[in-house]
Amino acid sequence: MLKMFSRIASVILLVLLSAYPLWAERGMAIDPAICLGCHGDKISAASFVASVHGKNGCNSCHIQLTDLSRHVKGEIKMEKVRCERCHKRENAEHYASVHIQKDVQCADCHTDIHTHRYWKKDKRIVVAKCIQCHDHEAVYRQSIHGKAVAAGNQDSAACHDCHNLHDVKPMNDPKFHTDRVFHTKVCLRCHSDEEMMKRNSVFTVATQTYMNSYHGKNYRLGYPEKVAGCADCHTAHAVLKASDPRSTVNPAHLVATCKQCHKHATSMFTKFYAHGEHTDRGKYPLLYWTFVSMIGLLWSTFAVFWVHTILWMYRGFVENREKAALLAEGAIKPVPDGFKQYRRFKARHIILHILVIVSFLGLALTGLPLKFSDQELSKLLMALYGGTANAALIHRICAVITFGYFLSAIAMSIHFLFIRKDIRGNWLERLLGPDSLCPNPRDVRDITGMIRWFFFKGPKPTFERWSYWEKFDFLAVFWGMFAIGGSGLMLWFPEFFGGFLPGWMFNVATIVHSDEALLATGFIFTVHFFNTHFRPEKFPMDFVIFNGQISKHEFIEERRDQWQRYEREGITEQIRVKKRSGVFFDFFFKGFGFLALFLGIALLFMMLYTFLAAPH
C-alpha cells in the first residue's frame, strides 16, 4: 500500500513540474528575460537591472499580464501603469497637489521607469525636472540658491525644499493660509538652522531679527497676511546678494521694494536696518547703546522701587501689628469725627484717572502680546481681538486717549500755575509750593524720613498733599509720553517720518517703545499697585481715586501736614463732603477697580512667566 502511494505521489509531482512554464505564463511572476525577447529593442536589460525597479518583475507593474500566450497573440489590452499600488504615500500627496489639478501625472516627471535610478538626494536632478515645465523660473538658476545647487551644494534650496516633491500646493489655496505664510515659512526651514548657515557662511541671525521685527511678530502670532514676508523683499526665486545690482535689496532698488507695501517710501526710509541686531555692538553700535541704555533705565528703576516696596511692605506689616496691639489695649484714641468725608479729588481728576486706567490697560493688553509674540497666551489674546489689525486699532485708539489726557494734564498745570485765583504766590512759588506735583526740597526730607522709618530709626513722615512717590508717578508720565508716545507716533506713521528721518530711527524707536512700555507696565503693575492699593495700610484697594473722598481719620494719618495747613488756612469745611457717593456708584466702580487690578496682575504674571520660562 505504501509503495503504491509513493508511486502516485511521484506521478503527481512530475506532472506539476512539467506544467511549470504554463503556470508561470498564467498569473505568476514572469522572467524579464522572456519579455526582453520581444521588447529588448526598446528596453536595455542592463539599464533596467541597474534601475530602482530592477528587482521587480515586469508584471509587478503590468498587472494585466496574467497569460503570456494571450499577450503574445495581442488578446490582452495593457492599461497604464498604476504607481499608487506601491507608492501610496507619494500618490496621496500627489492627488492633494496642484499638479493633479493640471493633469500632471507620475510619468510626466518620471519619464522612463525602466531606467529610473535612485536620485541620492541630488538636488540638481529635481531642478532639471522642474524647469522642463517651469522654464519661466530660469531666474532661479541665476540666484544664490540656483548657482549653489548647480555646484552640488546640498544645503542650498532647490525647488522641492520650498514646494515639496509631490505635495505641491497652489499659491492661492486658502487652506494653505494664503501665500503669505508660504513666503516666509519655507525660508525659515533652512535659515533657522544656525549650523547650516554657519557652514555656508550665511547671515546666522536672519530668522531671529525678522521675528523680533513688527513683520515677524505678526507672522508668529498667525497673521502673516498683514505684513511683509521674506519673499516680498528678497523675491521667491531671484534671491541675490545685496551687492548684486540685480538684487531687489540692492540699495539702488530698495525704494521700489519698500514701495510694494509703503507707497510713500523714500531713500531716507530705506535706511531702516531690516535685520539690525541690537546686541551686535560692532555692526550696530547705535542700536546696541540704545538697548543698553533702556535696559539700564529699566532695571535701575525697578531695583530702586522694588527695594522700596519690599522695605515698606515689611515695615507696614509690623506697624499694623503694633497698631492692633495698641487698639486692643485702648491706647489709641479715635480721631474726633474721624468718619467724616473730605474731598481729595474733583470729578475731572476722577474722569482723567478712569481714562488713564482704560487706555493703559488697553495699550498693555494689545501691546504685550506683540512684545511676547512667541507665547501661546499672546496668540489667544490676538485671536480674541480678531487679529493683529484689530489689536492695532484698539492700541491706537487707546494711544489717542493717552495723548488726550496728557494734554489735559498740561492744560490743568498751566491753569494751576498762571490762572487759578485761590492759590497764593507767583508761578514759581506755586510750582514749588505744597499743592504742586513738582519735586521740592521737602521731598528729600520725606524720602530720608521714610528710609529711617523702614529701618525702625524714626517715625513715619507726615506728608503734605502729594508724596514723593505720587510726584514720581506724575512726572513719569511726561517722560513716558516723550519716549513711548514719540516712538509710537513714528511707528504709527513710518512713511511720514521716513520722509525726513533716516530709517534706522525706526529701529531705535522700536527699542525705546518696547522697553519703555515694559518699564511702564512693570512699574504700574508692581510699584504703583503696591503704593496705591497693596500696602498694608490700604490693602486690598484704595477707593479714593474713584469717589474722590477720604475720611478725616485717613486724612490726618496719611497727610497730617496738609490737614494742619488747611486748618490754619480755615478751608477744611470747604472740602468737607456733604453727601457721600451713592451705593450703586460705589458698587460699580469698586467692581471696575478690582477688574482693573485683576487684569494688571494677570498681565504681570504673563510677563514674569515669559521671562522665567523663555528669557528674552
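The values are calculated or read from the model by the stated rules, or taken from the named source; none is laboratory data. Everything numeric here is computed off the predicted structure, so don't read it as measured data. Cβ coordinates were reconstructed from backbone atoms using ideal geometry, including for glycine residues, and neighbour counts include every protein chain displayed.
Quick notes on this structure:
- Test result for residue 108, under 26 Å from residue 162 (Cα atoms), among the acidic types (Asp, Glu), free of Cβ contacts under 8 Å to residues at least 60 places away in the same chain and not in a loop (DSSP other than H, G, I, E, B): yes
- Some residue of the stretch 287-302 being among the aromatic types (Phe, Trp, Tyr), assigned to a loop (DSSP other than H, G, I, E, B) and modelled with pLDDT of 95 or more: no
- Where residue 240 falls short, out of the listed (1) part of a helix (DSSP H, G or I); (2) among the hydrophobic types (A, V, I, L, M, F, W, C); (3) under 29 Å from residue 499 (Cβ atoms); (4) in contact with a Ser or Thr (Cβ under 6 Å, 6 or more places away or on another chain): (1)
- Residues located in the stretch 309-367, provided they are among the hydroxyl-bearing types (Ser, Thr, Tyr), surrounded by 15 or more Cβ atoms within 10 Å (Cβ to Cβ) and assigned to a helix (DSSP H, G or I): 309, 359, 366
- Condition met for residue 366 (touching a His at 6+ places or on another chain (Cβ under 7 Å) and among the polar types (S, T, N, Q)): yes
- Of residues in the stretch 111-140 being surrounded by 15 or more Cβ atoms within 10 Å (Cβ to Cβ) and not in a helix (DSSP H, G or I), the one modelled with the lowest pLDDT: 116
- When the residues of the stretch 447-477 are filtered to those that are within 35 Å of the chain's Cα centre (by Cα) and touching a residue at least 12 places away in the same chain (Cβ under 8 Å), the one that is surrounded by the fewest Cβ atoms within 10 Å (Cβ to Cβ) is 475.
- Hits in the stretch 130-156 (condition: among the aliphatic types (A, V, I, L, M) and farther than 15 Å from residue 241 by Cα): 131, 138, 149, 150, 151
- Number of the exception - residue 566 against (1) modelled with pLDDT of 95 or more; (2) under 30 Å from residue 281 (Cβ atoms); (3) part of a helix (DSSP H, G or I): (2)
- Look at the stretch 201-214: where a residue is closer than 14 Å to residue 229 by Cβ and a partner is polar (S, T, N, Q), sitting 6+ places away or on another chain with Cβ atoms under 6 Å, you get 207/192.
Yes/no per residue for (1) closer than 30 Å to residue 272 by Cα; (2) outside the structural domain of residue 377 (by TED's automatic domain parsing); (3) more than 22 Å from the chain's Cα centre (by Cα); (4) surrounded by fewer than 15 Cβ atoms within 10 Å (Cβ to Cβ):
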residue: 505; (1), (2), (3), (4): yes, no, no, no
residue: 512; (1), (2), (3), (4): yes, no, no, no
residue: 563; (1), (2), (3), (4): no, yes, yes, no
residue: 574; (1), (2), (3), (4): no, yes, yes, yes
residue: 585; (1), (2), (3), (4): no, yes, yes, yes
